[in-house]
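Colleague: One structure coming up, written as structure tokens, with questions to follow.
The values are calculated or read from the model by the stated rules, or taken from the named source; none is laboratory data. Because the structure is predicted, anything quoted here is derived from the model rather than measured. Heads up, the Cβs are rebuilt from the backbone with ideal geometry, glycines too, and the neighbour counts pull from every protein chain shown.
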């Protein structure tokens, strides 16, 4: 793959993440911490409807909506892993646009931290979900 194609792919990916953050900003955070995604015409969480428990992603759209308003506490209350993922997405947008614009890929150390970050967020998400299941 050519350098230009890689830069284009990275730039489009960064813009896609930025579009998700902008969409979250446009949505009004649900008062109960869940259900903000329904403003997009999406159905309620199937796991909540069928089994009465929150899925690992429950509260993430609400979390991002609060995050884009600068309310980190409300964002973390809706979903700690959602808040961390939103912050991670913001970092990736900045790095991706920088890479696409300059042609200089991040150093291996930055790539290591990005990988560590995504794995850590996955661990937090799984832990948060297990705690929710136990506390019911």
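Colleague: What single numbered condition from (1) at pLDDT 95 or above; (2) over 11 Å from the mean Cα position of the chain (by Cα) fails to hold for residue 103?
Modeller: (1)
Colleague: Does the stretch 69-78 hold any residues that are part of a helix (DSSP H, G or I) and either in contact with a strand residue (DSSP E or B) (Cβ under 8 Å, 6 or more places away or on another chain) or surrounded by fewer than 24 Cβ atoms within 10 Å (Cβ to Cβ) (or both), and which are they? Break it down stepwise before answering.
Modeller: Within the stretch 69-78, the first condition is being part of a helix (DSSP H, G or I), and the residues that meet it are 72-78.
If the condition is that a residue be part of a helix (DSSP H, G or I) and either in contact with a strand residue (DSSP E or B) (Cβ under 8 Å, 6 or more places away or on another chain) or surrounded by fewer than 24 Cβ atoms within 10 Å (Cβ to Cβ) (or both), then 72, 73, 74, 76, 77 are the ones that fit.
Colleague: Any residue in the stretch 103-125 that is over 13 Å from residue 88 (Cα atoms) sitting within a Cβ distance under 7 Å of a residue that is assigned to a loop (DSSP other than H, G, I, E, B) and at pLDDT below 95? List the pairs, counting only those 6 or more apart or interchain.
Modeller: The qualifying pairs are 125/56.
Colleague: Residue check: is residue 115 assigned to a loop (DSSP other than H, G, I, E, B) and out of contact with any helix residue (DSSP H, G or I) (no Cβ under 8 Å at 6 or more places or on another chain)?
Modeller: no
Colleague: Within the bounds of the stretch 79-86, is there any residue that is in contact with a helix residue (DSSP H, G or I) (Cβ under 9 Å, 6 or more places away or on another chain), in contact (Cβ under 8 Å) with a residue 60 or more places away in the chain, buried (at least 16 other Cβ atoms within 10 Å of the Cβ) and within 26 Å of residue 31 (Cβ to Cβ)?
Modeller: The answer is yes, given that some residue of the stretch 79-86 is in contact with a helix residue (DSSP H, G or I) (Cβ under 9 Å, 6 or more places away or on another chain), in contact (Cβ under 8 Å) with a residue 60 or more places away in the chain, buried (at least 16 other Cβ atoms within 10 Å of the Cβ) and within 26 Å of residue 31 (Cβ to Cβ).
Colleague: Look through the stretch 119-134, keep the residues that are exposed (fewer than 12 other Cβ atoms within 10 Å of the Cβ) and within 15 Å of the chain's Cα centre (by Cα), and return whichever of them is nearest to residue 77 (Cα to Cα).
Modeller: Checked the stretch 119-134; the qualifying residue nearest to residue 77 (Cα to Cα) is 123.
Colleague: In the stretch 87-109, what residues are surrounded by 18 or more Cβ atoms within 10 Å (Cβ to Cβ) and closer than 16 Å to residue 124 by Cα?
Modeller: 89
Colleague: Could I ask something else about it? Please list, ordered by residue number, the helices (runs of 4 or more DSSP H) wholly in the stretch 1-68 having 3 or more residues that are at pLDDT below 95 and either out of contact with any helix residue (DSSP H, G or I) (no Cβ under 6 Å at 6 or more places or on another chain) or surrounded by fewer than 14 Cβ atoms within 10 Å (Cβ to Cβ) (or both).
Modeller: Qualifying helices (runs of 4 or more DSSP H): 3-26, 46-51.
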